[in-house]
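What follows is a short report on a single structure.
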Amino acid sequence: MVYKRTRKNKIDENDYLFTSRSGNQLKGCDIQRIVKKYAIATDKGLGEKGYKADFKDRLTPHTLRHIFAIHLLNNAEILINEIQTLLGHSNISTTNIYTKIDNKTMQKSYEKINWNN
């Protein structure tokens, strides 16, 4: 079964993940503009509560891609080769750059090993 995105009960005519209101493909610069807009709004909201985050200077679509990969590896326990496929990397070494494994995750993986087999 193929799932299609819908917008106000209208099925999109394409397979793009990110589309405009009219259903057309968003370009990379459009997505960057949207991420920047929400990063600025988040900075403003956090600033009003006394926090300083500077997301507007650090958050990009590429950063979100890194966060997604790290989350899948550390929290969702998705295998590195599955993440490689999701990200569209042809070489696993590229995926390794995205997915920095922390010590806590390594310890959990080590503890899962059944040494009695």
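Readers should treat all values here as calculations from the given coordinates under stated rules, not as data from a laboratory. Computed from a predicted structure; not experimentally measured. Reconstructed Cβ throughout: ideal geometry from the backbone, glycine too, with neighbour counts over all protein chains shown.
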(Q) Given the C-alpha atoms of segment 60-117, compute the convex hull and give its volume per residue in Å³. (A) 95
Q: Note down the nm distance, to one decimal, between modelled labels 7 Å out along Cα→Cβ at Ala76 and at Lys36.
A: 2.8
